[in-house]
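Derivation of every value follows stated rules applied to the coordinates shown; laboratory data play no part. Source: prediction; values computed, not measured. Virtual Cβ from ideal backbone geometry, glycine too; neighbours counted across all protein chains shown.
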Amino acid sequence: MSQGRVPAALLALAGLGLLFFLLPLLGLIVRAPWDQAIGAIGSPETGTALGLSLFCSLAATAVALVLGIPLAFVLSKTTGNLRSVIRALTTLPMVLPPVVGGVALLLAFGRKGLVGSILYQAFGIQIPFTTAAAVMAETFVAMPFLVIAVEGGLRSLDPRYEEAARALGARGWMVFARVTLPLLRPAIFSGAVLCWARALGEFGATITFAGNFPGRTQTVPVAVYVALETRPESAIVLSLILLAVSLAVLVGMRDRWLGAL
């Protein structure tokens, strides 16, 4: 089979596969109440959900940067079974059903959880069903995207730059801060954008661990779910906002992904 020709049967199946992705998006766009879009976006409920989603997703991205970059650095330096175990634990939230992730967070940080019981009994701190819980849920499902991107960047770095810095007298932390991190900026940026987009769209773990409290834990995906029953127009508009953000991320990151192939 020549490289430039595709068999008709494969072409037909590929067309069906493309339609499978396209039709739901087309239905969302066609059925959108465009004449009511401005009013729906401007409603107090929508504005509150949007503001909370931006805050939680940005906070989750910040936490992921603080914890994920060191984790990626450790992953890039380890070998053998230890690396396999760490990578499996790190990437597990990507394939774990989000609702299961929310249940796991409850069992760890709930009032009767492994850590949550200590926090509640010793300090009176209750994490579930708070804004902090929404941030934690989004961090749990989104941080793997950052870790994978940064680890890939670390493995592609030319080690001669770090070796030259050490030869000039720089030591551990200085080499990491002055040489490694600046070279990692593209990988960190792409990972942070992917992490933020995933956090912005998180639903399952959030509603399980943080609940649905307007102004406190009701992010945009949760608001979409609730609005489908009473305000379907607002649900469609909010869905279009999430669709636009996802599309913008995909288009903006396409060159980096294609360059990595």
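So, of the residues in segment 105-122 that are assigned to a helix (DSSP H, G or I) and small (Gly, Ala, Ser), which turns out to be farthest from the chain's Cα centre (by Cα)?
Of the residues in segment 105-122, the ones assigned to a helix (DSSP H, G or I) are 105-109, 116-122.
Filter again for small (Gly, Ala, Ser), leaving 108, 116-117, 122.
Working: ALA108: 21, GLY116: 24, SER117: 28, ALA122: 32 Å.
Going through the qualifying residues, I end up with ALA122.
Looking at segment 123-141, which of its residues are without any contact (Cβ under 8 Å) to a residue 40 or more places away in the chain, assigned to a helix (DSSP H, G or I) and within 24 Å of GLY215 (Cα to Cα)? Step through it out loud before you land on a result.
Step one: of segment 123-141, the residues without any contact (Cβ under 8 Å) to a residue 40 or more places away in the chain are 123-127, 132.
Still in the list and also assigned to a helix (DSSP H, G or I): 123, 132.
Scanning segment 123-141 gives a single hit, ALA132.
So GLY124 fits all but one of (1) of a type in the set (Gly, Ala, Ser); (2) surrounded by 13 or more Cβ atoms within 10 Å (Cβ to Cβ); (3) out of contact with any Lys or Arg (no Cβ under 8 Å at 6 or more places or on another chain); what number is the exception?
Condition (2) is where GLY124 drops out.
ALA104 - would you say it is out of contact with any Gly (no Cβ under 9 Å at 6 or more places or on another chain), closer than 25 Å to ARG216 by Cα and free of Cβ contacts under 8 Å to residues at least 60 places away in the same chain? Please lay out each step first, then the result.
Values: out of contact with any Gly (no Cβ under 9 Å at 6 or more places or on another chain): yes; closer than 25 Å to ARG216 by Cα: yes; free of Cβ contacts under 8 Å to residues at least 60 places away in the same chain: yes.
Yes, satisfied.
Check segment 180-199 and report whether any residue there is of a type in the set (Val, Ile, Thr) and exposed (fewer than 14 other Cβ atoms within 10 Å of the Cβ).
We begin by selecting, within segment 180-199, every residue of a type in the set (Val, Ile, Thr); these are 180, 188, 193.
From what is left, the residues that are exposed (fewer than 14 other Cβ atoms within 10 Å of the Cβ) are none.
No: segment 180-199 contains no residue that is of a type in the set (Val, Ile, Thr) and exposed (fewer than 14 other Cβ atoms within 10 Å of the Cβ).
When you check ARG111 against the structure, is it of a type in the set (Lys, Arg), in contact with a helix residue (DSSP H, G or I) (Cβ under 6 Å, 6 or more places away or on another chain), more than 22 Å from LEU54 (Cα to Cα) and in contact (Cβ under 8 Å) with a residue 60 or more places away in the chain, yes or no? Reasoning before the result, please.
Working: of a type in the set (Lys, Arg): yes; in contact with a helix residue (DSSP H, G or I) (Cβ under 6 Å, 6 or more places away or on another chain): yes; more than 22 Å from LEU54 (Cα to Cα): yes; in contact (Cβ under 8 Å) with a residue 60 or more places away in the chain: no.
Criteria not met by ARG111.
State which residue is surrounded by the fewest Cβ atoms within 10 Å (Cβ to Cβ) when the search covers only segment 200-222 and only residues that are among the hydrophobic types (A, V, I, L, M, F, W, C) and in a helix (DSSP H, G or I). Steps first, answer last, please.
Taking segment 200-222 and keeping what is among the hydrophobic types (A, V, I, L, M, F, W, C), we get 200, 203, 205, 207, 209-210, 213, 220, 222.
In the following step, the residues that additionally are in a helix (DSSP H, G or I) were identified as 200, 205, 207, 209, 220, 222.
Numbers: LEU200: 24, ALA205: 29, ILE207: 22, PHE209: 29, VAL220: 26, VAL222: 24.
If we take residues in segment 200-222 being among the hydrophobic types (A, V, I, L, M, F, W, C) and in a helix (DSSP H, G or I), then ILE207 is surrounded by the fewest Cβ atoms within 10 Å (Cβ to Cβ).
Looking only at segment 187-207, count how many residues are of a type in the set (Val, Ile, Thr) and farther than 13 Å from VAL135 by Cα.
Adding up the residues that qualify gives 2.
Evaluate the following for GLY102: is it in a loop (DSSP other than H, G, I, E, B) and of a type in the set (Gly, Ala, Ser)? Can you show your working first?
Values: in a loop (DSSP other than H, G, I, E, B): no; of a type in the set (Gly, Ala, Ser): yes.
Here the answer is no, as GLY102 does not meet what is asked.
Could you tell me whether segment 46-62 includes any residue that is of a type outside the set (Asp, Glu), over 30 Å from VAL147 (Cβ atoms) and surrounded by fewer than 14 Cβ atoms within 10 Å (Cβ to Cβ)? Quick ask: steps written out before the conclusion?
Going through segment 46-62, the residues of a type outside the set (Asp, Glu) turn out to be 46-62.
Applying the additional criterion that residues be over 30 Å from VAL147 (Cβ atoms) yields 46-48.
If we keep only those that are surrounded by fewer than 14 Cβ atoms within 10 Å (Cβ to Cβ) as well, we get 47.
Checking segment 46-62: at least one residue is of a type outside the set (Asp, Glu), over 30 Å from VAL147 (Cβ atoms) and surrounded by fewer than 14 Cβ atoms within 10 Å (Cβ to Cβ).
Per-residue answers, yes or no, for (1) within 24 Å of PHE129 (Cα to Cα); (2) in a helix (DSSP H, G or I); (3) of a type in the set (Ser, Thr, Tyr):
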{"residue": "PHE20", "(1), (2), (3)": "no, yes, no"}
{"residue": "ILE29", "(1), (2), (3)": "no, yes, no"}
{"residue": "GLN36", "(1), (2), (3)": "no, yes, no"}
{"residue": "GLU45", "(1), (2), (3)": "yes, yes, no"}
{"residue": "SER53", "(1), (2), (3)": "yes, yes, yes"}
{"residue": "ILE69", "(1), (2), (3)": "no, yes, no"}
{"residue": "SER76", "(1), (2), (3)": "no, yes, yes"}
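Has segment 194-209 got at least one residue that is acidic (Asp, Glu) and either in contact (Cβ under 8 Å) with a residue 60 or more places away in the chain or within 30 Å of GLY51 (Cβ to Cβ) (or both)?
Residues of segment 194-209 acidic (Asp, Glu): 202.
Okay, now just the ones that are also either in contact (Cβ under 8 Å) with a residue 60 or more places away in the chain or within 30 Å of GLY51 (Cβ to Cβ) (or both), so 202.
Scanning segment 194-209 turns up at least one residue that is acidic (Asp, Glu) and either in contact (Cβ under 8 Å) with a residue 60 or more places away in the chain or within 30 Å of GLY51 (Cβ to Cβ) (or both).
Taking only pairs six or more apart or across chains, which ones have beta-carbon atoms under 7 Å, a first residue in segment 37-63 that is farther than 12 Å from LEU200 by Cβ, and a second residue that is outside any helix (DSSP H, G or I)?
These pairs meet every condition: GLU45/PRO214; THR48/PRO214; THR48/GLY215.
For segment 159-177, state whether one or more residues are under 20 Å from the mean Cα position of the chain (by Cα) and of a type outside the set (Phe, Trp, Tyr). Give the steps one after another, and end with the answer.
Residues of segment 159-177 under 20 Å from the mean Cα position of the chain (by Cα): none.
The answer is no, given that none of the residues of segment 159-177 is under 20 Å from the mean Cα position of the chain (by Cα) and of a type outside the set (Phe, Trp, Tyr).
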